[in-house]
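Below is one structure; the comments refer to it alone.
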Amino acid sequence: MSANHVAIWIDHKEAHVLYFDTSKNELIKSAATNGHLHHKANAIGSGKAPEDHHFFHNVITAVADVNEILIVGPGSAKGELLKHAVAHDPAIAKKIIGVETVDHPTDAQVLAYAKTYFNRIDKMRGV
């Protein structure tokens, strides 16, 4: 496992970019102020908050120089981040090796999960 692995824990409000060297960790917050939206009967719209492309771009830009990326989080933001990367930053999207659902762990718990995940991937590759 190289030092160029990074884990991103993301929801629609913030992203924790966690390097295995904890001195480089970053917290990126969304500028969106929308809370939870709920669809109401006879109302126009899906009831979902729009994707914050600026937020996703900031997260993807923060990990542009790493070799492998694991995205984790509790809701749909992790999939939206992947979709954004594929559409707007395909070179970085190729570095994403996994998208996993986790709730709201601490940063240390995310790093422990990511280390186990990357070790499994390395073993499957024969590294």
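The values are calculated or read from the model by the stated rules, or taken from the named source; none is laboratory data. Computed from a prediction, not measured in an experiment: that's the story for all the values here. Reconstructed Cβ throughout: ideal geometry from the backbone, glycine too, with neighbour counts over all protein chains shown.
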Matching residues, segment 1-30, being in a loop (DSSP other than H, G, I, E, B), modelled with pLDDT of 75 or more and either surrounded by fewer than 17 Cβ atoms within 10 Å (Cβ to Cβ) or over 11 Å from the mean Cα position of the chain (by Cα) (or both): ASN4, ASP11, LYS13, PHE20, ASN25, SER30
Within segment 77-86, identify whether any single residue is more than 12 Å from VAL6 (Cα to Cα), over 12 Å from the mean Cα position of the chain (by Cα) and modelled with pLDDT of 95 or more, and answer yes or no. yes
Which one of VAL63, VAL127 is of a type in the set (Val, Ile, Thr), at pLDDT below 95 and buried (at least 17 other Cβ atoms within 10 Å of the Cβ)? VAL63
Restricting attention to segment 34-46, does a residue exist that is modelled with pLDDT of 90 or more and either surrounded by fewer than 12 Cβ atoms within 10 Å (Cβ to Cβ) or not basic (Lys, Arg) (or both)? no
Could you tell me whether VAL86 is hydrophobic (A, V, I, L, M, F, W, C) and in contact (Cβ under 8 Å) with a residue 40 or more places away in the chain? no
For segment 77-101, how many residues meet the condition of being assigned to a loop (DSSP other than H, G, I, E, B) and exposed (fewer than 15 other Cβ atoms within 10 Å of the Cβ)? 1
So which of GLY126, GLY79 is without any contact (Cβ under 8 Å) to a residue 60 or more places away in the chain and on the phi > 0 side of the Ramachandran plot? GLY126
Here the residues within segment 76-127 that are within 18 Å of VAL59 (Cβ to Cβ) and of a type in the set (Asp, Glu) are GLU80, ASP89, GLU100, ASP107
Of all residues in segment 104-120, how many are in contact (Cβ under 8 Å) with a residue 40 or more places away in the chain and either over 22 Å from LEU27 (Cα atoms) or part of a helix (DSSP H, G or I) (or both)? 9
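Is it fair to say VAL72 is within 18 Å of VAL6 (Cα to Cα), at pLDDT 95 or above and touching a Leu at 6+ places or on another chain (Cβ under 7 Å)? Please lay out each step first, then the result.
Working: within 18 Å of VAL6 (Cα to Cα): yes; at pLDDT 95 or above: yes; touching a Leu at 6+ places or on another chain (Cβ under 7 Å): no.
It is false that VAL72 is within 18 Å of VAL6 (Cα to Cα), at pLDDT 95 or above and touching a Leu at 6+ places or on another chain (Cβ under 7 Å).
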